[in-house]
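Have a look at the structure below before the remarks.
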Amino acid sequence: MGFKKVAATAGLLALAAIGQAAPTQAQDIIFLAGPSSDPFWSAVQLGFDTAVKELGVDAQYSAPPDFNDIVPNYTRLFEAAIGKKPGAIVVGNFFPDPTEPLIKQAVADGIAVIVYNSGRTTFRELGAITFIGEDPYLMGKRGGERAAAAGVRNGICVNQIAANPVLEQRCQGYIDGVVEGGGTAKMVALPSEDIGNDQKVTSSIAALLQADATLDSIMTLGAAPGVNAVAAAKQYPDRKIFVGTLDLSTPALEAIKAGDLAFTMDQQPFLQGYYGVLFAHQFLEYGLAPAEPVTTGPLVIDQSNVDKVLDVGKSHPGVRGAS
């Protein structure tokens, strides 16, 4: 997607003025994201596209084509973005070792940096102006608490991208929630290159269930792995296996409606895409930014509210991160 220009409108949130003056270079924004083949990232891109149209900014969306070699590919995109010397870069601190030095470099070069999705605890020390996204530990903790309330005694949290510390924080929250409820839990990592291969992920989770007949809960960290976990659990019809996940897809929501998936946690990726552009625009134009991190999740979706979310998906496809 190239740079766009459309008419400007006012911002959506009350923003707190900060002491740093707005940069004087051209108001170009580069937004770095994950592969849009994933429904989560397609919702982020839809939020980006909507903000660009409504706010009238120059903005470019940049993302790798898939999850293969995700760390070096994402790093190269960030390096290229810095080289273009935009007014602002919106970036997820998914892989701190290569990403954090680049955030510092961008800040030193006079580029405003907004961190979203991953990097909530470190954005300030890196020089970024704000953070937008979930509280990852709380996302997982809510899931663990729900599992414990359902009587779970032995659970696993399946991490599909072990290089991302935010996903480890989610799993730690889940583990703590189960343990505090009197059970046990651990994290299991899957190869990131398997994400998107439903057969491989389903087989891997089924193998974990086969290896330990006492497992009675699976928590996954994405909508597609959540549906894969449901399929794996169905291979053991005589066992009661409590399955929950994070993020949305239409199959995941339908599985909740059918009672096969207990819940999902929505971090509202559309808002992350929209606010990333909005806050960059407001900072470059006025020197304004939120005074505190902006939290977009968790929002729990279960059988009590899944129909409303499905209805939104029919009326506004993609906004809820479901396809």
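Taken together, the values in this text are just the output of simple stated rules run on the coordinates, not laboratory data. No experiment lies behind these values; they were computed from the predicted model shown. Neighbour counts are summed over all protein chains in view; Cβ atoms, including those assigned to glycine, are modelled from backbone coordinates with ideal geometry.
A few remarks follow.
- Mean separation of Cα contacts under 8 Å, 6 or more apart, over the residue count of the range 136-266: relative contact order %: 24
- Cα gyration tensor, the range 180-323 - rounded (a/c under 1.5), prolate or oblate: prolate
- Hz values of 3J(HN,Hα) by residue in the range 292-298 - Karplus curve (6.51, -1.76, 1.60), Gly and Pro given as x: 9, x, 9, 9, 9, x, x
- For the range 136-266, a crude dipole built from +1 on the beta carbon of Lys and Arg and -1 on the beta carbon of Asp and Glu, taken about the Cα centre, is about 240 debye to the nearest 20.
- Remark on Tyr116: its backbone amide H falls under 5 Å from those of Val91, Gly92, Asn93, Ile132, a criterion applied only to residues 5 or more positions apart or on other chains, H modelled at 1.01 Å from N.
- Computed from Cα positions, the angle between helix 269-286 and the longest principal axis of the chain comes to roughly 20 degrees.
- Extension gain for the segment Arg124 to Ser304, taken as residue separation times 0.36 nm less the Cα-Cα distance, is 61.0 nm to one decimal.
- Of all lysines in the structure, those lying under 29 Å Cα to Cα from Lys240, and not within fewer than 8 positions of it along the same chain, are Lys141, Lys186, Lys200, Lys257, Lys308.
- Exposure proxy ranking, count of Cβ atoms within 10 Å, fewest first, for His316, His281: His316, His281
- Percent RCO, i.e. relative contact order, over the chain, from Cα pairs under 8 Å lying at least 6 residues apart: 23
- Computing Rg and Dmax of the Cα atoms in Å directly from the structure and comparing it against (1) 20.7, 81; (2) 23.1, 72; (3) 19.8, 65 singles out (3).
- The string of couplings for the range 138-151 from the Karplus curve (6.51, -1.76, 1.60, θ = phi - 60°) is 5, 4, x, 4, 4, x, x, 5, 5, 4, 4, 5, 7, x Hz, one whole number per residue in order, with x for Gly and Pro.
- Partners for Lys85 among lysines (Cα-Cα distance below 19 Å; same-chain residues under 8 apart left out): Lys4, Lys5, Lys104
- Taking a ≥ b ≥ c as the square roots of the eigenvalues of the Cα gyration tensor, the range 270-316 is classed as oblate, since a/c reaches at least 1.5 and a/b does not exceed b/c.
- Relative contact order (percent, whole number), the range 88-167, Cα cutoff 8 Å, 6+ residue spacing: 29
- Each peptide in 116-124, 218-226 was scored by the mean count of other Cβ atoms within 10 Å over its residues; highest first, the order is 218-226, 116-124.
- Ordering Asp198, Asp58 from the fewest to the most neighbouring beta carbons within 10 Å gives Asp198, Asp58.
- In plain terms, the residue of Asp260, Asp69 with the fewest other Cβ atoms within 10 Å comes first and the most crowded comes last, giving Asp69, Asp260.
- ³J(HN,Hα), Karplus 6.51/-1.76/1.60, whole Hz, each residue of the range 299-316, x for Gly, Pro: 10, 7, 10, 9, 5, 6, 9, 5, 4, 5, 5, 4, 5, 4, x, 6, 7, 9
- The chain, dipole about Cα centre (Lys/Arg Cβ +1, Asp/Glu Cβ -1), debye to the nearest 20: 240
- Local charge for Leu102 was computed over the other residues whose Cβ lies under 15 Å away, with Lys and Arg +1 and Asp and Glu -1, and equals -1.
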